[in-house]
Every structure is written in structure tokens, then in C-alpha cells.
Amino acid sequence: MKKGLLTLVFGSALFLAACGGDDSATNGETAEVDGEKVVKQSCATCHGGQLQGGSAPALDKLGAKYSEEEILDIILNGKDRMPPGIVKGEKAEAAAEYLATLK
């Protein structure tokens, strides 16, 4: 009986630990989107791993050329060979905020 109870308790603890919670929000608040992470995941393929340029222009000093609002407009609407809407919503805003800091 003790082995069965111990197995049940251990199994329940393991199950609850594995299910965990959603780490993206705490106390009912929405987690902030990491702009640098969005850029690395969504932009590096064309703009290079260090944003130095590749098949698309360099972004490593983009903030010296464009404001955050202009960068967001380019992300949402595209420009030249860049298609519109590769990232959207909060991710686009976070990416634009991050890119604007690169000077």
C-alpha cells in the first residue's frame, strides 16, 4: 500500500512539474516581447547573423538612418525588395524599437 501511495504522489508531482505554467505571463501581465530576439529569428536569414548585410541591406546601423516609426513602417509595409508583414503586431513594434537603437 505504501509503495502504491508513494508512486501516486511521485507520479502526480512529476506530472504537475512537467505541465508547469506558461512562463510568458506572470500575475496576469503580458510578457514583453524581446525585439533583439525577434530580429535574430526573423531578419538574420536575409540581413546576416550580425545584421551586417547578406542578400539584403545591413541593419547594424539602421537607427542612424531611420527613426523607430520609419523602421516600423518599413517592417509593416515593406520597402524595395523587402516584403511587407514578415513580423506583425507587438513583434514588429519590438523589432523596430530594437533596430532604432543600432547606430
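Structure data summary
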| quantity | calculated |
| --- | --- |
| Positions within the range 71-97 being more than 18 Å from K37 (Cα to Cα) and in a helix (DSSP H, G or I), in sequence order | D73, I74, N77 |
| Unmet criterion (only one of (1) among the polar types (S, T, N, Q); (2) touching a helix residue (DSSP H, G or I) at 6+ places or on another chain (Cβ under 9 Å); (3) surrounded by fewer than 15 Cβ atoms within 10 Å (Cβ to Cβ)) for T45 | (2) |
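Readers should treat all values here as calculations from the given coordinates under stated rules, not as data from a laboratory. Since this is a predicted model, take the numbers as computed values, not measurements. All Cβ positions, even for glycine, are placed from backbone atoms using ideal geometry, and neighbour counts span all protein chains on display.
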